[in-house]
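S.K.: Take a look at the following structure, please.
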Amino acid sequence: MTAGAKLDELYKNRGVRAKELHNAGAIVIGYFCCFVPDEIITAFDMVPYRIQGSQSEPIDEADAFLEPMACPFVRSCFNMALKGSYDFLDGFVAPHSCDTIERIYGIWSHHRPSPFNHMINVPHMQGPSSEAFYRSELDYFIKSLEDWSGRKLENGKLIKAVSLYNERRKVLRELYDLRKSDPPLVSGTEILKALVAGMGIPGAEHLALLRRYVAHVKERPKPRKDKTPRIFIWGSEIDDAAFIQLVEECGAQAVMDDLCTTTRSFWEEVPETTDPVEGIARRYLATHCPRNDVPQKECSRISDLEQRYGYIKKFIKDWAVDGAIFYIVRYCDTCELEGPDLREYLNSLDIPVLMIEDDYSISTIGQLRTRIQAFLEMIG
């Protein structure tokens, strides 16, 4: 089986590999968001599993515990848990990435508890005091895992885990570089599937598949040049390729993105030091998440936007972006509040923006086709 076919299989059959490992005796730790370090879980010889929802299944049980105006992604994840989809998890970890995730921790751990349950409190501000606080939270997380599992975290294993995931980040960035060409050598749909496929398997397995996949993509015949608009996608949680596939079917090339499940989760490396927990705390706290983009009162509006979104300007330039589409899951307060500021910033760079709010459901995605097509025609 080719690497691409294997990644596609893992994408379609999420959780199957993790269940196999669980049944074979491995400890599988499920977690939300980008702020729970895979490196720490891996260094314990456990399997990190990033919890995902389902955009194809209706939310029919979670609404008895969560109000309908809560984040539909979180409601979908909990709905799956109520139906037993996550019974293979040996641990459940939630960071305070947003208020809904923090709230679901108590509800989930009460109604569908795993053998191990833990909350990581993540500061919203950045700076030395925040790094020290987050470091203490990670130390507490490590101690909790040690006390529960009876295993002692070895510093050498953690250093190796940091090196492993940094190598995985390098290969993922190499894969993203293949989207810089005109036209890109790999589609946004393929990229998302490759990323989601890696959310439920050991990092070493994902790295091996990615290396083979990158080599395969480089060997494929180069597509012919065309004038298709090059689109940057920003927003909330996208763990189903349906939306990005729709954008590409409408006549665009999804060449770059900034999403919870894509670049935010892997772009920056962890500093490799003799104190790996310090490096992990520094890197994860600096994640480019809307929750962290606190406006700076001490500077001008222009300087504030530049400080918050300068990294996106580099994406826009390096990947030759023509326009941006924001995909915001309904009731995601962080992205809802961040969107207008980012749109203002991108407009100042002469990048047109289409803002879309959706219900985290495949059934509604098709209704967006006309809006996307009209936006692309405007760019063209």
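S.K.: Spin-label point model (7 Å from Cα, Cβ direction): what's the ASP318 to THR274 distance in nm?
M.R.: 3.2
S.K.: Then there is this: Given a Förster radius of 35 Å and the C-beta distance between GLU20 and LYS227 as r, what FRET efficiency does 1/(1 + (r/R0)^6) yield to the nearest 0.05? Please report the intermediate quantities before stating the final value.
M.R.: Numbers: r = 46 Å, r/R0 = 1.31.
The calculated FRET efficiency here is 0.15.
S.K.: Could I ask something else about it? Compute the length gained on full extension between ARG301 and SER363: take 0.36 nm times their separation in residues and subtract their Cα-Cα distance, giving the result in nm to one decimal. Intermediate results must be reported in sequence, preceding the final value.
M.R.: Numbers: separation 62, 0.36 × 62 = 22.32 nm, distance 3.93 nm.
Taking ARG301 through SER363 to full extension adds about 18.4 nm, to one decimal.
S.K.: If you don't mind, there's one more thing I want to ask. Starting from 0.36 nm per residue, how many nanometres of slack lie between ALA374 and GLU174 once their C-alpha separation is accounted for?
M.R.: Values: separation 200, 0.36 × 200 = 72.00 nm, distance 3.24 nm.
The span from ALA374 to GLU174 would gain 68.8 nm if fully extended.
S.K.: Between HIS216 and GLU67, 0.36 nm times their residue separation minus their Cα-Cα distance comes to what? Kindly include the intermediate steps, with their values, before the conclusion.
M.R.: Working: separation 149, 0.36 × 149 = 53.64 nm, distance 4.60 nm.
49.0 nm is the gain from fully extending HIS216 to GLU67.
S.K.: Let's see if you can work this out: charge +1 on each Lys and Arg Cβ, -1 on each Asp and Glu Cβ, no other charges. What is the dipole magnitude of the stretch 205-346 about its Cα centre, in debye to the nearest 20? If you can, show how the numbers build up before the last one.
M.R.: On the way: 21 positive and 26 negative charges, 150 e Å.
It works out to roughly 720 debye.
S.K.: Kindly provide the helix-only [θ] at 222 nm of the chain, computed as the sum of -39,500 (n - 2.57) over DSSP H runs of four or more divided by all residues, to the nearest 500 deg cm²/dmol? Kindly include the intermediate steps, with their values, before the conclusion.
M.R.: Details: 16 runs with 191 residues, N = 380.
So the helix-based figure for the chain works out to -15500 deg cm²/dmol.
S.K.: Let me ask another. How far is the Cα center of the stretch 1-42 from the Cα center of the stretch 347-370, in Å?
M.R.: Using only Cα atoms to place each centre, the spacing works out to 30 Å.
S.K.: Would you mind checking the tilt of helix 188-197 against the longest principal axis of the Cα atoms of the chain, expressed as 0 to 90 degrees and rounded to 10?
M.R.: Around 0 degrees separate the two axes.
Throughout, read-outs are computed from the coordinates displayed, never taken from laboratory work. Predicted, not measured: the structure shown is a model, and the values here were computed from it. Neighbour counts are summed over all protein chains in view; Cβ atoms, including those assigned to glycine, are modelled from backbone coordinates with ideal geometry.
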